Amino acid sequence: MVLCLFSSIGYAHGVRDLRRAVARMADHLAPGGVLVVEPWLSLEEFRPDSVHSSRHTAGDLHVVRMVTSRRRRRLSVMDMHHLVGTPEGTRHFVERHELWMFTDAELRDAFERAGLETTHDARGLMGRGLWIGRRGA
């Protein structure tokens, strides 16, 4: 089994990269093996120009994350601002994440080109769905 979870397939920028990534993962499957990919959001699901935040505390450690989302064509661009506070002080850092938004047809095509029997679970683990491919015997 090969797992590609938490929408990390979105770091493949473009259909060509998607096809290559799925093919390489499929290459590691034994006959009867399974590839599971949890996709990133689609163009329809992604909400550009939105802000999301979360806060977590564990003892004296406080972490706040605020994300501003933008879109450049089919690329979702998220600047994640982190504040990490402890009694010694507060640190701030920013991570930029750029994830490609694939269509269901593109994901299915990549699996089928890799020679996998393909099914789609629309719900998946967190509501983003799961693409499941099985290598023939």
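Throughout, read-outs are computed from the coordinates displayed, never taken from laboratory work. Here the structure is a predicted model, which is why all the values come from computation and not from measurement. Every residue, glycine among them, receives a Cβ derived from its backbone with ideal geometry; neighbour counts consider all protein chains shown.
If R0 is 30 Å, what FRET efficiency do you get for Arg73 and Asp27 from their C-beta distance, rounded to 0.05? With a Förster radius of 30 Å, E is 0.50.
Where Rh is the Kirkwood radius over the Cα pairs of the range 50-99, the temperature 20 °C and the viscosity 1.002 mPa s, what D in µm²/s does Stokes-Einstein return? Taking Rh from Cα pairs, D becomes 181 µm²/s. The mean sequence distance of close C-alpha pairs (under 8 Å, at least 6 residues apart), as a share of the length of the range 14-137, puts its relative contact order at 31 percent. In this structure, Thr86 and His52 have a Cβ-Cβ separation that, at R0 = 35 Å, corresponds to a calculated FRET efficiency of about 0.90. Remark: the range 85-95, residue by residue, has Karplus-estimated 3J(HN,Hα) of x, 9, x, 7, x, 10, 10, 10, 8, 10, 10 Hz, where x stands for each Gly or Pro and the curve is 6.51 cos²θ - 1.76 cosθ + 1.60 at θ = phi - 60°. Our summary gives the range 50-99 a relative contact order of 30 percent, counting only alpha carbon pairs under 8 angstrom and 6 or more residues apart. Each of Arg65 and Thr103 was given a label point 7 Å from its Cα along the Cα-to-Cβ line. The distance between the two points is 3.1 nm. Residues of the range 83-111 falling in the label zone of Glu44, defined by backbone nitrogen less than 18 Å from a point 7 Å along Cα to beta-carbon, are 101-109. Only Cα sites of the chain enter the Debye sum here, all with the same form factor; the resulting log10 I(q)/I(0) across q = 0.12 1/Å is -0.57, listed in q order.
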